[in-house]
1. Please specify each residue of the range 89-100 satisfying the condition of being surrounded by 11 or more Cβ atoms within 10 Å (Cβ to Cβ) and either over 16 Å from Glu158 (Cα atoms) or among the aromatic types (Phe, Trp, Tyr) (or both).
2. For Gly65, state whether it is modelled with pLDDT under 95 and outside the structural domain of Leu155 (by TED's automatic domain parsing).
3. Which one of these is of a type in the set (Lys, Arg), surrounded by 13 or more Cβ atoms within 10 Å (Cβ to Cβ) and either assigned to a loop (DSSP other than H, G, I, E, B) or at pLDDT 90 or above (or both): Lys113, Lys103, Lys83?
4. Working only within the range 88-110, note down all residues that are without any contact (Cβ under 8 Å) to a residue 12 or more places away in the chain and closer than 25 Å to Ala166 by Cα.
5. Here are Val146, Val133: which of them is in a strand (DSSP E or B), surrounded by 13 or more Cβ atoms within 10 Å (Cβ to Cβ) and modelled with pLDDT of 95 or more?
6. When you scan the range 149-170, how many residues do you find that are in a loop (DSSP other than H, G, I, E, B) and over 40 Å from the mean Cα position of the chain (by Cα)?
Amino acid sequence: MESQILNSLGLGNMDIGLVLIVFAVLIFILLVTCVVLSIEHSKLLKRYERFSGGRDAHALEHEIGAVFKENKELREQTDRNRKDIRILYRNMESAVQRVGLVKYDAFEQMGGKLSFALAMLDEKNNGFIINSVRGTDGCYTYSKDVKGGMCDLQLGAEEDQALKEAMKIK
């Protein structure tokens, strides 16, 4: 059996059965490809349904927009919080953070440890020492400035102990 089409293509001597076998193989390959693509499409459709939760594209677009808006608001709030924290840290540097208190008897006959030395320091060990001496004739209070954990004036034993106690606290 001769084919006019095969003759015009220059393949007139080719067996028609061979052509049919080649076409059958191509059809089988295309059929397998269609089945694989159909399975992949089904998987993708299930993933889309799970992602969208059954909502239509408009509702999903609205939700995604809301998520982006909320994310933007959270970033702005985080930035504000960071600025506030920096301000708080700066303020805390000069706030009293370390305290040392030593109670003592200024005079042997008084008893009750009514005198005290109080050291109050900031983060950089700057502050003051208050020394209150209680005696039989009254109460006297003295203050001394502290810079970097050092005092320009000579400290009494109790004042020195209160200063060291305050500087131990971290």
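The values are calculated or read from the model by the stated rules, or taken from the named source; none is laboratory data. Remember, predicted model here, so these are calculated numbers, not experimental data. Methodologically, a virtual Cβ is constructed for each residue, glycine included, from the backbone with ideal geometry; neighbour enumeration extends over all protein chains shown.
1. Met92, Glu93, Ser94, Val96, Gln97, Arg98
2. On the way: modelled with pLDDT under 95: yes; outside the structural domain of Leu155 (by TED's automatic domain parsing): yes.
Yes.
3. Lys103
4. Leu88, Tyr89, Arg90, Asn91, Asp105
5. Going through Val146, Val133 in turn, the sole match is Val146.
6. 6
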